Amino acid sequence: MFKRLSRGVLLCVALLTFTLPVFSQYLRVEGVVRDPSGAAVAGAEVRLQMGGNGTAIESDSEGKFSFADVPPERGNLIVTAAGFAPITREIDATSGQPIHLEIVLPFATREERVVVTATRIASRLGDVAGSEVTLDVEDLRATPALTVDDKLRQIPGFSLFRRSGSRTANPTTMGVSLSGVGASGASRALVLRDGVPLNDPFGGWVYWDRIPQQALDGVELVRRGASSLYGGDALSGVIQFLSREPQEPEMALELSYGSEQTPDFSFWTGTREGRWDVSLATELFHTDGYILVPQSVRGAVDTAANSENLTLDFTTGYRLGAQGRVFGRGAYLTEARNNGTPIQTNDTQIGNGVVGLDTPLGTAGSLSARVYGSAQSYDQNFSSVAANRMTESLTDEQHVPAQQVGGTVFWSRAVPGRQTLGLGGSAEEVIGSSHENFFSSGKHTAFQTSGGRQRTVAVYGEDIIRISRRWTVTASFRFDDWRNFEAATVRTPITPPGPVAVTPFADRTDTAFSPRLSVLYAANKNVSLTASVYRSFRSPTLNELYRSFRVGNVLTQANSNLNAERLTGGEAGASVRGFNERLVVRGNFFWNEVADPIENVTLTVTPSLITRQRQNLGLTRSVGMELDAEARINKHLAFFGGYQYVAPTVLSFPANVALVGLDLPQVPRNQFTIEARYWHPSSFLLSVEGRFVGNQFDDDQNQFLLPRYFALDLLAARPLGHGLDLFAAFENLFDQRYFVAKTPTPNLGPPIQVRGGLRYRLPHEKGSK
């Protein structure tokens with residue numbers, strides 16, 4: 001009996017030994033499917049493939065899925081959904097532990113490319129209820145233009161203060177205008193790099209050579225008011241440059257040489273090791289330039305306007321989990337320019353640093369933060385040129401130091417039920433001054449220092465509500481409070497000597513509330529309708545308040561009593577897609593009114609000097625429409641085009657009613673661009689781009705007309721194998737000589753520009769030899 005009992009016990013133990021693990025190791029695999037913005041993807045097919053067996057289910061309204069009784073094996077989870085690229089995740093169920101997965105589906109088409117600028121939250125381009133344009137690495141490489149600001153001119157509505165570009169122009173004319181709002185030197189659009197402002201902290205203009213072009217991963221441009229999320233510099237929109245992040249040992253290089261003795265070298269390299277990544281970039285540029293004034297009016301003082309610059313950039317990052325990253329970057333720019341006569345020169349040095357954080361917080365959402373600072377020095381000489389342009393004399397030597405420190409933080413969270421919330425804050429302080437030595441007839445007459453401080457703090461928020469699959473409402477707001485303080489002008493007469501005169505300026509404070517409401521209606525998979533209303537603002541820069549400047553024989557005075565510009569606007573448009581996303585057409589009608597716009601207003605005119613002052617006009621209006629279209633015939637051949645019409649009008653100016661009804665200066669009524677591109681990575685690249693700019697005026701009184709022009713650019717490249725390409729580029733192919741300014745002496749745009757060079761990329765592109 002004992003033996004029988006022993007055999008029974010042993011049998012039971014054996015059965016338990018072999019059966020319990022089988023039952024105990026069956027487990028559950030569950031998770032949630034989201035798009036790159038964090039929104040749930042309902043109805044996604046989730047297929048679990050284990051061994052030879054497969055089971056498929058659909059994600060629920062919150063994007064959730066769950067598989068029970070999964071065997072202890074290795075397998076794959078395959079997730080697919082309309083409009084998204086499929087994704088496969090390896091499953092290891094041998095541990096016996098439950099598995100939870102967070103699946104983020106990438107968008108599949110160009111229209112569904114992920115963008116971040118318009119809403120600060122990663123969203124599909126087709127889900128943005130506004131006018132956002134994107135340029136990826138392929139677009140940038142296919143553009144014949146050498147400088148990044150000239151590449152952006154292929155976007156209708158983008159222009160600088162004048163028609164001239166950063167290659168030869170004075171940097172103080174490099175402010176951006178979007179949608180016909182106009183610019184006055186200071187940019188009326190915010191320019192960012194990875195969430196950090198690039199606008200000059202003292203003057204608001206932009207140094208377009210601060211970013212090595214090979215370090216760029218793309219550009220996003222948002223037209224129209226964006227102060228609800230970005231504050232005072234985003235009066236008419238935002239331009240954001242996105243930097244490359246290395247995933248493996250990588251390198252990109254472009255080396256070229258062109259007409260007017262123009263060498264250019266742009267280089268980026270980086271690698272990733274474990275959680276760490278590091279990258280280094282540099283760009284070196286020089287051009288002998290060209291003489292700005294026409295042959296018929298040149299004199300002995302006219303020399304070539306030229307420039308040279310060096311940019312260094314170092315970035316290191318550390319991965320926080322699968323999607324988070326903290327990074328630090330240091331950058332330095334030095335540039336020097338001759339502005340068309342021996343005396344008129346300027347140079348700039350800028351050093352800046354940034355620490356950034358982008359990380360998910362699990363069920364608490366995600367967090368993005370930036371802390372940044374910069375110090376810079378700008379030097380400029382001004383002169384008076386004789387009427388016959390045979391002599392010039394020094395009038396002003398300026399030294400302009402400025403410092404900036406600031407930070408931003410933004411939290412967002414996808415809420416179950418098709419909603420995404422965001423909340424953020426920012427703070428910034430700028431210190432700047434202009435130290436000037438004045439001269440008259442060769443004599444040093446006075447020394448003057450003008451400047452002050454500006455401090456801004458803000459809070460902002462956003463709510464993206466996906467009411468249904470067809471309706472999306474986005475509401476955002478921002479409250480800004482800024483203060484100008486410790487401002488004064490100190491003047492010391494030299495010849496004849498006299499007492500020091502101190503003119504203090506009263507401390508000033510102001511606030512702005514900037515709301516925006518946007519609606520998107522997806523009528524079907526091919527047609528979307530959008531509408532937005534918004535308010536935005538721009539506070540005057542320290543440069544506009546306290547620094548005067550001179551261009552040619554035009555003296556523009558500062559004005560310490562300037563008020564902030566305030567814009568009210570709206571837009572409505574449609575996006576139509578067809579032929580399996582091969583044809584995309586977007587159109588918008590827009591209306592913008594700016595109260596108290598800061599313009600350069602003419603005070604007096606003499607044969608030797610035009611005197612202007614920065615003043616607040618009463619009210620201006622820019623009403624217009626824009627079209628963007630792209631047609632991709634096949635994977636190699638594509639056509640792009642764009643058009644903008646805008647009527648920029650002064651509605652009221654009580655101080656000078658003669659300006660009412662005139663056009664805003666520096667805004668053409670008509671612009672259009674065209675591009676034809678053939679790109680076969682293993683054989684050939686050919687890109688032809690055309691740009692038409694209509695009539696515009698160079699002054700507030702509409703006396704100096706800049707006639708329309710059309711310029712054609714061309715780029716041809718041939719792979720040589722192993723990631724190396726040979727290319728040739730032509731800008732202004734037909735040598736169209738057009739006016740870029742009248743000061744009142746006419747200035748010409750650049751003649752035909754020809755360059756050739758080499759490009760190299762590692763790893764090699766797919767399809768290359």
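Before moving on, here are some points about what is shown:
- Residue in the stretch 736-759 that is buried (at least 20 other Cβ atoms within 10 Å of the Cβ), under 25 Å from the mean Cα position of the chain (by Cα), of a type outside the set (G, A, S) and over 20 Å from A304 (Cβ atoms) present: yes
- Within the option set G289, G317, G353, being over 20 Å from S266 (Cβ atoms), buried (at least 21 other Cβ atoms within 10 Å of the Cβ) and at pLDDT 95 or above holds for one residue only, G317.
- Residue, farthest from the chain's Cα centre (by Cα), within the stretch 227-259, restricted to residues that are open to solvent by 10 Å² or more (accessible area, probe 1.4 Å) and farther than 20 Å from T311 by Cβ: S259
- Filtered residue count, the stretch 546-576, keeping only those that are under 19 Å from V181 (Cβ atoms), open to solvent by less than 30 Å² (accessible area, probe 1.4 Å) and part of a strand (DSSP E or B): 6
- Out of A728, A741, A716, sole residue that is over 30 Å from A252 (Cα atoms) and among the small types (G, A, S): A741
- For the stretch 460-484, a tally of residues being open to solvent by less than 60 Å² (accessible area, probe 1.4 Å) and among the aromatic types (F, W, Y) returns 2.
- Strands (runs of 3 or more DSSP E) fully within the stretch 163-253 counting 2 or more residues that are acidic (D, E): 216-223
- One residue from T359, T348 being open to solvent by less than 10 Å² (accessible area, probe 1.4 Å), in contact (Cβ under 8 Å) with a residue 12 or more places away in the chain and assigned to a strand (DSSP E or B): T348
- Apart from one condition, S532 fits all of (1) of a type in the set (S, T, Y); (2) closer than 15 Å to A129 by Cα; (3) open to solvent by 10 Å² or more (accessible area, probe 1.4 Å); the exception is (3).
- Residue that is assigned to a strand (DSSP E or B), in contact with a Pro (Cβ under 7 Å, 6 or more places away or on another chain) and over 29 Å from R755 (Cα atoms), where the choices are R272, R329, R325, R319: R272
- A386 meets each of the listed conditions (1) over 29 Å from the mean Cα position of the chain (by Cα); (2) at pLDDT 95 or above; (3) open to solvent by less than 40 Å² (accessible area, probe 1.4 Å) apart from (2).
- All positions within the stretch 260-275 that are β-branched (V, I, T) and buried (at least 18 other Cβ atoms within 10 Å of the Cβ): T262, T269
- A Cβ distance below 9 Å, combined with a sequence gap of six or more or placement on separate chains, defines the contacts here; from the stretch 377-406, residues that are over 26 Å from T541 (Cα atoms) reach residues that are of a type in the set (F, W, Y) and in a strand (DSSP E or B) in the pairs S393/F439; L394/F382; L394/F439.
- For the stretch 472-545, the strands (runs of 3 or more DSSP E) that sit wholly inside it and include 3 or more residues that are out of contact with any helix residue (DSSP H, G or I) (no Cβ under 9 Å at 6 or more places or on another chain) and over 29 Å from S412 (Cα atoms) are 501-505.
The values are calculated or read from the model by the stated rules, or taken from the named source; none is laboratory data. What you are looking at is a predicted structure, and each value in this text was computed from that prediction instead of being measured. Every residue, glycine among them, receives a Cβ derived from its backbone with ideal geometry; neighbour counts consider all protein chains shown. Side chains included, ligands, DNA and RNA excluded: accessible areas come from the protein's heavy atoms. Shrake-Rupley method; radii C 1.70, N 1.55, O 1.52, S 1.80 Å.
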